[in-house]
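What follows is a set of notes on a single structure, which appears directly below.
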Amino acid sequence: MSRPKNIEPRDQQLNLCLTATELASIKQRAAALGMRPAHWGRARLLGDDGKAPAMPSQKAAGVSNPQLLAYHQLARIGNNLNQLMRHLHQTGEPAPADLAPLLRDIRQILAGRAG
């Protein structure tokens, strides 16, 4: 199943000049939420309603929404697993021995969240 096409594709760019310290801060804040810096920046600039959001403290941003953090981490794991399986199917290599226990653990985590 392919990814659905965006109704309005993101084909415009906004380029910013940052100091090394500013860029490191952005990367750290994004990583704390399990996000890529560009996605974090877009969310901070636009907010949920398309308006500029209020700026919460850095400490509150990482702690205030653990569900969002878990979602982003699960999305990253899913993406990595998808890439691994695609590689295995293309090359015909066998699955690594430690993949089955990992998948079992992920399924248990997801079952615990669903219930």
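None of the figures in this text is laboratory data; all of them are computed from the coordinates on show. In this text the structure is predicted, and so the values were computed from the model without any measurement. Don't worry about glycine lacking a Cβ; one is built from the backbone with ideal geometry, like all the others, and counts go over all protein chains shown.
The table for this structure:
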| quantity | calculated |
| --- | --- |
| Virtual spin-label span in nm between residue 77 and residue 111, 7 Å along Cα→Cβ | 1.4 |
| Among 38-45, 73-80, the order from most to least packed when residues are scored by Cβ within 10 Å on average | 38-45, 73-80 |
